Amino acid sequence: MKGDRVIEGRRIRVRGQVQGVGFRPFVWQLARRFGLRGRVLNDPEGVLIWAGGGDLDGFEHALTAEAPVLARVDAVERAAARFEAGAGFEIVASEGSGAETRVTPDAATCPACLAEIRDPGDRRFGYAFANCTHCGPRFTILRGLPYDRAQTTMASFEMCAECAAEYADPGDRRFHAQPVACPACGPRLWLEAGGSEAGDPVAGAARVLAGGGVLAVKGLGGFHLAVAARDAAAVARLRDRKRRPGKPFAVMGTMEMIRAHSAVSEAEAGLLRDPAAPIVLLDKAGAALPEGVAPGQSCLGWMLPYTPLHHLLLEAVGGPLVMTSGNLSGEPQVIGNEEAREKLGGFADAFLMHDREIARRLDDSVERVTPQGPTVLRRARGRVPGTLPVPPGFGGAPQIVAYGGQMKAAICLIKNGQALLGHHLGELDEALTYDAFVQADADYADLFDHDPALVACDLHPEHRASRHARSRADAKGLPVEAVQHHHAHLAACLGENGWPLDGGRVVGIVLDGTGLGPDGTVWGGEVLAGDYLGFERHGWVAPAPLIGGDMAAREPWRNALVRLDQAGLSDVAEEIFADKPLSMARQAAAKGINAPMSSSAGRLFDAVAAILGVCPERQSYEGEAGMRLEALARASGGLRRHTLGIGIPTKSMSQGPIDPTAMIRAMAKGRRDGEAVEDLAFAFHHWLTRAMDGSVRTALAVHKADAVALSGGCFQNVLLSELMQRSLSDLPVLTHQKTPANDGGLALGQALVAAARAVRRR
Ligand code: ZN
Ligand code: ZN
Ligand code: FE
């Protein structure tokens with residue numbers, strides 16, 4: 001370079017989520033502010049800075065203190081350096097292979113972009129696709145790496161001169177913002193209702209909603225179906241057309257609309273405003289929305305508008321919108337325009353369409369604030385492809401891919417000390433979801449240049465994910481590590497908490513639906529003692545048959561019947577389930593025909609729910625009975641004297657099965673005596689907590705452990721989680737926050753178990 005000369009300064013390495021988030025222009029601006037010379041660039045390890053000749057300490061402090069909103073700085077490393085520098089500070093081309101370039105998750109519209117679309121003097125006034133370095137689509141428009149415009153679904157839109165100038169100016173908020181667009185050059189919005197509608201598409205869409213219609217809206221990671229949330233008839237119409245009788249709908253509203261219908265704490269407001277813009281579960285409060293929005297629930301799932309299109313639509317409508325995923329029952333969310341017309345035509349009265357393609361289907365993430373902080377229930381848009389560092393001790397782990405379970409499928413990759421837990425895919429029973437799963441596998445491998453040396457899956461050989469794991473491993477000649485379901489839950493909880501590989505044993509309380517145990521029975525209410533490498537089963541819910549196999553998960557009365565029979569209350573079963581085929585069911589149980597024994601905690605919730613008259617016939621969605629039971633329990637004033645300590649099994653204070661029969665008797669008696677269902681529901685939560693506490697305390701002593709981990713889908717139940725933690729408040733307790741406690745986190749645990757074993761084999 002002309003005028004170059006060697007100067008004294010520092011070589012500064014920044015690690016973390018620092019690419020594709022406006023970090024280099026941020027460094028460039030800081031360097032000018034602190035009078036520095038040198039350069040900044042992206043490379044496979046993150047951002048590399050050579051800087052000297054000014055206030056280096058001030059500069060370094062500002063690097064983390066003022067980092068761009070979407071950046072996450074994990075580490076800043078520095079060394080004194082002599083290097084050549086020109087007169088100023090420059091952004092130079094990336095070095096090294098682009099395959100490592102991180103892609104950030106999609107981010108909600110930032111305040112600056114929002115101000116522009118509301119400013120009649122701005123060229124982006126009313127524009128539905130405004131975005132910048134601090135916000136906008138990322139992973140959902142990405143076709144391949146490195147992340148630049150040509151590799152996104154924005155490739156077909158040629159930037160106009162004004163957008164190109166913004167893109168090229170390091171002083172501009174849109175410097176290197178790949179999806180930069182404006183009305184002159186970017187994606188276009190239109191409304192379809194029968195034919196193509198003339199006039200302002202947003203105003204037209206608002207009229208459809210105001211008239212009680214169902215609107216299909218093309219969003220970031222897929223189509224939503226929307227209705228006016230305050231319109232009970234419209235909500236009922238949507239339920240009817242979607243054939244979705246009970247599963248709660250998510251609602252989108254401004255903060256003001258949310259506060260009108262729900263209680264919002266400061267922490268919850270913060271989570272709603274997170275750039276990930278997840279659905280946040282909030283207690284109902286204030287004016288009620290129609291019961292049909294979330295029947296029988298104490299919570300509503302709210303999200304703020306997260307694209308300019310959402311903001312414009314909400315402003316035009318003036319009220320909250322039900323925004324449920326646009327799909328046929330059980331199928332993945334629709335992402336293509338033609339596919340939407342075909343599949344959603346029967347549900348939607350109109351389509352709010354645009355011509356920016358969705359490269360990758362991502363559902364909305366679902367989260368809630370617990371006393372531990374924000375907690376992920378469904379990990380997808382806005383969170384993926386964020387990574388977690390693998391805990392200390394896993395340094396030498398090879399590249400690993402893990403395929404998770406049959407339900408709430410998600411894939412996990414381990415590479416270079418990072419674990420990437422992929423997005424929520426859904427239930428693999430459904431053929432199209434399985435197709436999406438196979439596609440996601442290839443997609444992630446390609447995007448992250450992943451070449452596994454080891455494949456991990458569930459112990460259950462017949463799960464579709466396990467079969468896929470074996471065929472993929474066979475094709476590449478790789479070993480497969482089969483990991484027991486509840487061990488994987490435990491390992492996932494340890495992993496997201498950074499528990500070191502040699503951190504010692506912990507006791508895991510894993511309360512769950514079902515997973516295959518190594519003894520061939522179905523597990524699900526477990527107290528395990530172990531670590532990443534292995535475990536012992538210390539305590540478990542005394543098993544009962546799952547009559548009809550999978551049917552038992554859908555029809556709670558089946559679980560109530562077997563528990564009542566075990567408790568010697570066959571007469572009660574005959575009375576409250578008089579219309580059910582009891583003798584056939586009992587024969588199946590006695591002969592063990594399609595009635596595997598199971599310690600499932602989820603099915604125990606179902607049994608208690610059915611005894612108390614909560615959806616005994618059938619659950620209209622997975623987990624309904626448990627969720628309703630929790631809602632009832634939370635409505636109770638707490639433990640009443642007469643139910644205090646019901647049926648807590650003293651025997652469970654030692655090892656082995658935890659017998660629920662005394663509790664079941666107390667529930668049946670309470671129902672007969674006309675006790676409040678709310679109080680009984682609470683008493684059950686209390687019983688479960690006490691029973692687990694007893695088992696855990698002996699496990700800690702027997703297995704010389706001193707921490708407890710809580711995992712499994714039942715711990716999405718906030719009341720159970722709180723009671724359990726209060727009960728164990730004298731102990732270190734690890735919980736899930738960044739990854740789901742349910743089967744959505746399973747792949748992470750599988751990957752870590754496989755990694756631990758690989759590291760130990762070395
Ligand atoms: Zn922005
Ligand atoms: Zn433009
Ligand atoms: Fe599970």
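Among the criteria (1) touching a Gly at 6+ places or on another chain (Cβ under 9 Å); (2) charged (D, E, K, R); (3) assigned by TED's automatic domain parsing to the domain that holds Val251, the one Arg378 does not fulfil is (3). Restricting attention to the range 251-274, the residues that are part of a loop (DSSP other than H, G, I, E, B), of a type outside the set (Val, Ile, Thr) and open to solvent by less than 40 Å² (accessible area, probe 1.4 Å) add up to 1. Listed by position, the helices (runs of 4 or more DSSP H) enclosed by the range 504-584 that each have at least 3 residues that are open to solvent by less than 10 Å² (accessible area, probe 1.4 Å) and touching a residue at least 12 places away in the same chain (Cβ under 8 Å) are 556-566. Here Gly219 meets each of (1) open to solvent by less than 10 Å² (accessible area, probe 1.4 Å); (2) within 16 Å of ligand 2 (Cβ to nearest atom) with one exception, condition (2).
The residues of the range 323-347 that are open to solvent by less than 40 Å² (accessible area, probe 1.4 Å) and within 19 Å of Ala380 (Cα to Cα), listed by number, are Met323, Thr324, Ser325, Gly326, Asn327, Glu331, Pro332, Gln333, Val334, Ile335, Gly336. Pairs are defined by a Cβ separation below 7 Å, a sequence spacing of at least 6 or placement on different chains, a first member in the range 136-156 that is over 22 Å from Arg173 (Cβ atoms) and at pLDDT 90 or above, and a second member that is part of a loop (DSSP other than H, G, I, E, B) and polar (S, T, N, Q); the pairs so defined are Arg143/Thr153. Of all residues in the range 23-43, none are in contact with a strand residue (DSSP E or B) (Cβ under 6 Å, 6 or more places away or on another chain), open to solvent by less than 30 Å² (accessible area, probe 1.4 Å), in contact (Cβ under 8 Å) with a residue 24 or more places away in the chain and over 14 Å from Ile91 (Cα atoms).
Tell me whether the range 459-469 contains one or more residues that are part of a strand (DSSP E or B), in contact with a Phe, Trp or Tyr (Cβ under 8 Å, 6 or more places away or on another chain) and crowded, with 22+ Cβ neighbours inside 10 Å. Please lay out each step first, then the result.
Just the residues of the range 459-469 that are part of a strand (DSSP E or B), to begin with: none.
No, there is no match, as no residue in the range 459-469 is part of a strand (DSSP E or B), in contact with a Phe, Trp or Tyr (Cβ under 8 Å, 6 or more places away or on another chain) and crowded, with 22+ Cβ neighbours inside 10 Å.
The residues listed here are Leu314, Leu300, Leu362; of these, the one that is closer than 15 Å to Ala226 by Cα and either touching a residue at least 60 places away in the same chain (Cβ under 8 Å) or open to solvent by less than 20 Å² (accessible area, probe 1.4 Å) (or both) is Leu314. Counting the residues of the range 660-717 that are in a helix (DSSP H, G or I), open to solvent by 10 Å² or more (accessible area, probe 1.4 Å), more than 16 Å from ligand 3 (Cβ to nearest atom) and in contact with a strand residue (DSSP E or B) (Cβ under 6 Å, 6 or more places away or on another chain) gives 1. Is one or more of the residues making up the range 7-17 open to solvent by less than 10 Å² (accessible area, probe 1.4 Å) and among the hydrophobic types (A, V, I, L, M, F, W, C)? Yes.
Can we say Ala475 is within 16 Å of ligand 3 (Cβ to nearest atom), open to solvent by 10 Å² or more (accessible area, probe 1.4 Å) and without any contact (Cβ under 8 Å) to a residue 60 or more places away in the chain? The answer is no for Ala475.
The values are calculated or read from the model by the stated rules, or taken from the named source; none is laboratory data. A quick note: this is a predicted structure, and the numbers were derived from the prediction, not measured. Using ideal geometry, Cβ is built from the backbone for each residue, glycine included, and neighbour counts are taken over all protein chains shown. When the accessible area is computed, the model is the full protein with side chains, heavy atoms only, and any ligands, DNA or RNA have been set aside. Shrake-Rupley method; radii C 1.70, N 1.55, O 1.52, S 1.80 Å.
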